[in-house]
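Asker: If you scroll down you'll find the structure; I have some questions about it.
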Amino acid sequence: MLRLIGMVADITDEKLKEEKLADATRALLETQERAHEQLRQFTPRLIAAQEDEKRRISRELHDDIGQRLALLRIKLGSREDLSSRDESSCRRRCPASDSSGAV
């Protein structure tokens with residue numbers, strides 16, 4: 001006598017779900033790879049843009065400070081001129097006073 005015990009189950013739905021999951025995973029990985037490649041391409045451009053901006057700001061600061069220093073130099077020079085003219089004028093008007101300012 002031969003006995004056979006067994007069970008049969010339909011796994012078609014599970015296999016379809018596995019295939020869909022595998023397809024979705026593949027699509028997600030491809031999207032991730034494309035995004036990563038775009039990032040690799042954009043990174044050098046971003047760094048170059050940042051460096052250009054740093055140079056531009058540096059130039060502007062340098063020019064601004066240079067102009068301010070030149071203006072200060074001019075103002076100091078004109079004040080020195082005025083001061084020396086006032087001193088000369090005072091000496092001419094007050095010849096009896098000594099250099100210490102005592103009368």
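The values are calculated or read from the model by the stated rules, or taken from the named source; none is laboratory data. Since the model is a prediction, treat every value here as computed from it, not as a measurement. Note that we place each Cβ from the backbone using ideal geometry, even for glycine, and neighbour counts take in every protein chain shown.
Asker: With the condition kept exactly as written, say whether any residue in region 76-99 is at pLDDT below 95, surrounded by fewer than 10 Cβ atoms within 10 Å (Cβ to Cβ) and either among the polar types (S, T, N, Q) or touching an Asp or Glu at 6+ places or on another chain (Cβ under 9 Å) (or both).
Answerer: yes
Asker: Now a separate question. May I ask you to verify whether residue 19 is under 24 Å from the mean Cα position of the chain (by Cα) and either among the acidic types (Asp, Glu) or not in a helix (DSSP H, G or I) (or both)?
Answerer: Against the criterion (under 24 Å from the mean Cα position of the chain (by Cα) and either among the acidic types (Asp, Glu) or not in a helix (DSSP H, G or I) (or both)), residue 19 does not qualify.
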